[in-house]
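The structure appears below as structure tokens.
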Amino acid sequence: MSQTPEKRVRFQPVFGLLNDAKNKLNSFKYKILVMSGKGGVGKSFISSMLALGLAMKGRKVTVFDADVYGSSIPLLLGVQGERHMANENGEILPVEGPLGVQVVAVNLMLDSPDVPVVWRGPLVGRAITELAAKVAWSGGDYLIVDLPPGTGDAALTVAQVIPNITGAILVTAPNALSEVIVAKAANFASSMHIRLLGIIENMSYFKCPHCGRITNIMGRYSGEYLASKYGTIVLGKLPLDPSVNEAVDEGVPYLLAKPDGETSKIILEIVDKVINLVENNGKQDTPLST
């Protein structure tokens, strides 16, 4: 029988843990949460490519994979085979990914990435807090936090552990079910006084590679509706792109595997908008349209 993560990684309560975590995470200039409230909309893909895109723009970036049960950032950034090591002080060292992007994930502390994390909610919250306190964060320009689906223990813990959160990006898909559940994430951010930087609509359309015809396979206007409802903007719309899965299968981050692809170009446009919003306090009057 496989060893459970509770035996493999031992998180012990430590006095002052929350303050230690906050002090360390304050070493980042900008801290952005990527959330959806719903699984299956490509949130982790957005988180990983946003981090990689920021690194391409010369920023020093770390990704914190807070999706304890469904960690996929290591796979998307091509570091699934790596494991966290400790320094001479016993602190957990981030794993270095492509373009110098630093990665921190519970999945990189397990014997194998397919070992299930069998933890109850309170233990997940405590584990996130202790991990944040015990990592030797390198600091820098951006901390991108990939939140799990839902608005429970993990999301609440992250919102409490990370000081001075710059803002949140919501990821949705163009259908009514996504609208309803992502709206919960928007209300969660509002209740925690976290600024909504904008909305990314993933799987927005399919563009035929042969004739160029655009088809809205999953529906329309989820991003615009949510942006209007919550007083924010649509940062971009990503297509259903088979080359994304091809890159994942090859174990190469999509932006590096397909730098000239349509999806890559849109991602880099989103990155520019995020930089403008958080570094220059820029504003946009109209959402991006396809």
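The values are calculated or read from the model by the stated rules, or taken from the named source; none is laboratory data. Everything numeric here is computed off the predicted structure, so don't read it as measured data. We place every Cβ from the backbone using ideal geometry, glycine too, and count neighbours over all the protein chains shown.
Points to keep in mind about this one:
- Residue in segment 14-23 that is outside any strand (DSSP E or B) and at pLDDT below 70 present: yes
- The lone exception for Ser228 - which of (1) within 22 Å of the chain's Cα centre (by Cα); (2) part of a helix (DSSP H, G or I); (3) among the hydroxyl-bearing types (Ser, Thr, Tyr) it fails: (1)
- Those residues of segment 244-258 which are assigned to a loop (DSSP other than H, G, I, E, B) and touching a residue at least 60 places away in the same chain (Cβ under 8 Å), in sequence order: Gly251, Val252, Pro253
- Scanning segment 231-274 for residues that are more than 27 Å from Thr215 (Cβ to Cβ), surrounded by fewer than 19 Cβ atoms within 10 Å (Cβ to Cβ) and of a type outside the set (D, E, K, R) returns Gly231, Gly251, Val252, Leu256.
- Residues satisfying the stated conditions in segment 162-180, i.e. of a type in the set (A, V, I, L, M, F, W, C) and either within 18 Å of Ile270 (Cα to Cα) or surrounded by fewer than 19 Cβ atoms within 10 Å (Cβ to Cβ) (or both): Ala168, Ile169, Leu170, Val171, Ala173, Ala176, Leu177, Val180
- Residue within segment 181-192 that is out of contact with any Gly (no Cβ under 8 Å at 6 or more places or on another chain), over 15 Å from Met35 (Cα atoms) and in a loop (DSSP other than H, G, I, E, B) present: no
- Any chance Val106 is crowded, with 22+ Cβ neighbours inside 10 Å, modelled with pLDDT of 90 or more and either more than 19 Å from Lys22 (Cβ to Cβ) or not basic (Lys, Arg) (or both): no
- Residues in segment 193-225 that are assigned to a helix (DSSP H, G or I) and either among the small types (Gly, Ala, Ser) or touching a Ser or Thr at 6+ places or on another chain (Cβ under 7 Å) (or both): 2 in all.
- Any chance Ile32 is touching a Phe, Trp or Tyr at 6+ places or on another chain (Cβ under 7 Å) and closer than 16 Å to Val271 by Cβ: yes
- Residue in segment 204-212 that is modelled with pLDDT of 95 or more and surrounded by fewer than 17 Cβ atoms within 10 Å (Cβ to Cβ) present: no
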